[in-house]
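Worksheet: the structure to be examined is printed underneath.
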Amino acid sequence: MPGNKQGPVASLRIHGDNIIECERALLLIADSFSASAQRVASPPYLPSYEIRCNEETLFTVELFSGHGRWGINTQDILQDHGAPLREAADAVVTRVSDDGRQEELVLAFEFCSALPAGNNAWQRNGRALAYATVGVPYLYFAEIGGVELDENRIIKAPRFPNPIVSFSYLTASRLFNVMCLPIYLPSLSSSEDIRAQFREVFGLGEGQRLVRCILENTSPDDSYEKLTRKALTITEILAAQRQSIDTLRGKQWAEFLNLDTADQKASWLEQKRMEWSKTIAIRTTETFQGLLRLIQEVGPVSVGANNIPLCLIPHRAREVLSSSISAFYGDLIAVEFIEWVASPNSPLVVAWVTGFKPSGEDSRPDRGLVPLARMLFGNEIDILSIVYGPAKPAMWNMFANLPRQLARQNGLWEAIINLSDAVLVDSTTAPNSPLSLLIHRERPRVRDKVKFPSATPTTVFSEQDVDTILHLLFTQPEAAGVFEAMCNPPGGDWSGLSILDFETGQVFRWTSLPRVSGVGGKRPDHVVQISSVNGHLILLAIESKNRASDLKPNVGLRLKTYIRQLIETPPTIAKTSDTPWILWQGDEIPLPAVSFMSGGAFCWRELEDLESSITRGQLDVAFAVEFSSVEQSALLHVKAASSAQFLLPKINDLVQQFGGRLEIQIH
């Protein structure tokens, strides 16, 4: 057991993208032990908890929000242990040594409440691969069946990921001999029919039991096998519901999963004769179009889903393809590259990487495409990445001259260069297209336990710490008449905004929040609902930044505009305290009148910042947090315009619940 009445209590830490992801992991652990998480005296920006069950403390847990801020960098640590990518999960759990000087990484969590973006649901595969490579269990908690909204926030249809995404976690588990599993939950906005359709694959209970086994360092019970079967079942369900037969079907997925080597997989896929083709939605060069025709002429094979930008070139076709590319590009392609294409040692997977948006910025989902291929086939297969999107010219120059440096600076290129065996560039913005690169890919695989010197409290404070304090301030269960409607710190997913009817307990939720709402809106970082003496609901929308000077002029008006325009539309879902979420059917919600207010929050520098931010930002209230050492209390400075003076007693009451670790000064 992790802790008992006679022995020492185990000490854990959770390192997360932000305070919300840390809390998700904390509550998941507590639920896994049928326990509760109770906050104990600690700095408000570095909160500590005890996980207690039947008056017994099982764990102490500290929450470190914001990767790379606490004297450690888990991305670098993973790479030191053989991970091919600098990726960090939403939250990682570490066990602290008895002397407190060392941490051991024991478990990684990914949480996804966002809708799968069509075929681009593989954007998290790079994270899964990074942890699987070094032998760290990786559990991906994803919601299924959420609804897509149109521009008027009217429900269009549920959205589902490509089945090959869930399947890739199963192949990665086998290839790397590690628990790398998707665990599905019903989306809050899923209909009763969708929940019934997927009921047999929901796996929260098994996921919790698996978490407990990992943290107790005991052999997994049947939860691992059950989750594996459920992931395979959801793959079959997702494939079966597709309108065209564009993926493997039924028990073919299980057959594919049980193949051990890349050669076996390639031969099996060839026998299935699932043809592959690709359409291009962006402007490309004529030579790229010719290259695509050449590859289609040699008979590319689907890797299990023929509408994703991955295809398989069988052994026998590599020499033909090599000759065709050589004749097509002539001496523009290096001889060594042509010879590599012809190699008969392995089948060849081709990854078609658009990679870049029209203005040249990275397309983040494409970071997961080559990792998806590695999770399906492992390290024994050759991968050629063909990059054709419109990157900025300076990037092509670095690719041609300093590719390894480019990989260290850019996550998309890191995935392409570190996981491919060769890269071919043919882009409208690359002045010297085509560009080719052969890669002597490093395959370090250190499977020792991932240990590192313990994190230390930060001395450089930022928006992350401000967000942590605001979140804890407005989520105190003792605080009557206050409800946190939304919290979206850096790395958040904008998954929704909720409004609580304080009298009836009914909650209304708007999901899939846009970046902006209508004209002149700005999505807030926090929304706090406060009951007022006249029966109105107050919605306080807050923008948080590192410094007061980072707040944009008139941001307060834009925050209020966003919230006002959003709740003028019907909510997506609703629930009461003892019922599940259901899709909202009406056009209006039975709430009292709503008043809108705005606030800004930042790190304390001087009093002038509070005054100027209210004026320049057109804010009703400003918060500035003055941070000190771990031993000292933090100080919350608050200044309110006349419109928000009535909030000050409520905020003062909320601060008292920190037991002196957060003090308040009202200006």
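Within the stretch 590-633, being of a type in the set (Phe, Trp, Tyr) and outside any strand (DSSP E or B) holds for Trp604, Phe627. The sole residue among Arg95, Arg86 that is over 19 Å from Asp17 (Cβ atoms), surrounded by 19 or more Cβ atoms within 10 Å (Cβ to Cβ) and touching a residue at least 24 places away in the same chain (Cβ under 8 Å) is Arg95.
Flag not set for Gly360, criterion: at pLDDT below 95 and buried (at least 24 other Cβ atoms within 10 Å of the Cβ). Here Thr561, Thr569 are screened, and the one residue that is closer than 22 Å to Cys487 by Cα, outside the structural domain of Gly145 (by TED's automatic domain parsing) and in a loop (DSSP other than H, G, I, E, B) is Thr569. Tallying residues that are in a helix (DSSP H, G or I) and either surrounded by fewer than 14 Cβ atoms within 10 Å (Cβ to Cβ) or among the basic types (Lys, Arg) (or both) within the stretch 634-645 yields 3. Each residue in the stretch 652-664 was checked for being farther than 19 Å from Glu631 by Cα and without any contact (Cβ under 8 Å) to a residue 60 or more places away in the chain, and 1 of them qualify.
How many residues does the stretch 342-372 hold that are of a type in the set (A, V, I, L, M, F, W, C) and in a helix (DSSP H, G or I)? The total comes to 3. Any residue that is in the same structural domain as Leu204 (by TED's automatic domain parsing), in contact (Cβ under 8 Å) with a residue 60 or more places away in the chain and not in a loop (DSSP other than H, G, I, E, B) - is there at least one of those in the stretch 134-143? Yes, that holds for at least one residue.
A quick yes/no check of all residues on (1) basic (Lys, Arg); (2) in contact with a helix residue (DSSP H, G or I) (Cβ under 7 Å, 6 or more places away or on another chain); (3) farther than 23 Å from Ile582 by Cβ; (4) part of a loop (DSSP other than H, G, I, E, B):
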{"site": "Pro161", "(1), (2), (3), (4)": "no, yes, yes, yes"}
{"site": "Ser168", "(1), (2), (3), (4)": "no, yes, yes, no"}
{"site": "Ser189", "(1), (2), (3), (4)": "no, no, no, yes"}
{"site": "Ile194", "(1), (2), (3), (4)": "no, no, no, no"}
{"site": "Thr233", "(1), (2), (3), (4)": "no, yes, yes, no"}
{"site": "Ala239", "(1), (2), (3), (4)": "no, yes, yes, no"}
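Quick one: would you say Asp609 is farther than 20 Å from Phe474 by Cβ, buried (at least 20 other Cβ atoms within 10 Å of the Cβ) and not hydroxyl-bearing (Ser, Thr, Tyr)? Judged against the criteria, Asp609 is a match. If you go through the stretch 100-115 and keep only what is of a type in the set (Gly, Ala, Ser) and either in contact with a strand residue (DSSP E or B) (Cβ under 7 Å, 6 or more places away or on another chain) or within 11 Å of Ala142 (Cα to Cα) (or both), you end up with Ala108, Ser113, Ala114. From the list Ala351, Ala342, Ala334, the one residue that fits, being buried (at least 18 other Cβ atoms within 10 Å of the Cβ), in contact (Cβ under 8 Å) with a residue 12 or more places away in the chain and among the hydrophobic types (A, V, I, L, M, F, W, C), is Ala351. The set of residues in the stretch 132-161 being under 17 Å from the mean Cα position of the chain (by Cα) and acidic (Asp, Glu) consists of Glu143 alone.
All conditions but one from (1) among the charged types (D, E, K, R); (2) part of a strand (DSSP E or B); (3) at pLDDT below 95 apply to Arg153; the one that does not is (2).
Which residues, taken from the stretch 586-624, are among the polar types (S, T, N, Q) and at pLDDT below 95?
Our first condition is that a residue be among the polar types (S, T, N, Q); within the stretch 586-624, this holds for 595, 598, 612-613, 615, 618.
Once the filter is applied, which keeps residues that are among the polar types (S, T, N, Q) and at pLDDT below 95, the stretch 586-624 yields only Ser595.
No other residue among Ala415, Ala400, Ala373, Ala327 is farther than 21 Å from Ser267 by Cα and in contact with a strand residue (DSSP E or B) (Cβ under 7 Å, 6 or more places away or on another chain) apart from Ala400. Checked against the criterion of being over 30 Å from Glu103 (Cβ atoms), of a type in the set (Val, Ile, Thr) and buried (at least 22 other Cβ atoms within 10 Å of the Cβ), the stretch 387-410 contains one or more residues that satisfy it.
Would you confirm whether or not the stretch 568-590 contains a residue that is aliphatic (A, V, I, L, M) and surrounded by fewer than 14 Cβ atoms within 10 Å (Cβ to Cβ)?
No: zero hits.
Comparison of Glu380, Glu339 shows that the only residue that is modelled with pLDDT of 95 or more, over 14 Å from Trp276 (Cβ atoms) and of a type in the set (Asp, Glu) is Glu339. Among the criteria (1) buried (at least 19 other Cβ atoms within 10 Å of the Cβ); (2) outside any helix (DSSP H, G or I); (3) hydrophobic (A, V, I, L, M, F, W, C), the one Met375 does not fulfil is (2).
Figure legend. Inter-residue proximity from the stretch 541-552: first residues over 18 Å from Ala640 (Cα atoms) and in contact (Cβ under 8 Å) with a residue 40 or more places away in the chain, second residues assigned to a loop (DSSP other than H, G, I, E, B) and hydroxyl-bearing (Ser, Thr, Tyr), beta-carbon distance below 6 Å, spacing 6+ or different chains. Indicated pairs: Asn546/Ser462.
Taking the listed residues Leu27, Leu58, Leu46, the one that is surrounded by 15 or more Cβ atoms within 10 Å (Cβ to Cβ), over 23 Å from Ser633 (Cα atoms) and of a type outside the set (Ser, Thr, Tyr) is Leu58, with no other qualifying. Within the stretch 163-174, the set of residues being out of contact with any Asp or Glu (no Cβ under 9 Å at 6 or more places or on another chain) and either modelled with pLDDT under 95 or not aromatic (Phe, Trp, Tyr) (or both) comprises Ile164, Val165, Ser166, Ser168, Leu170, Thr171, Ala172, Ser173. Could you say whether any residue in the stretch 304-325 is under 24 Å from Pro393 (Cα atoms) and of a type in the set (D, E, K, R)? For the stretch 304-325, residues under 24 Å from Pro393 (Cα atoms) and of a type in the set (D, E, K, R): absent.
The values are calculated or read from the model by the stated rules, or taken from the named source; none is laboratory data. This one's a predicted model, so the numbers in the text were calculated from it and none came from an experiment. Backbone-built Cβ (ideal geometry, glycine too); neighbour counts: all protein chains shown.
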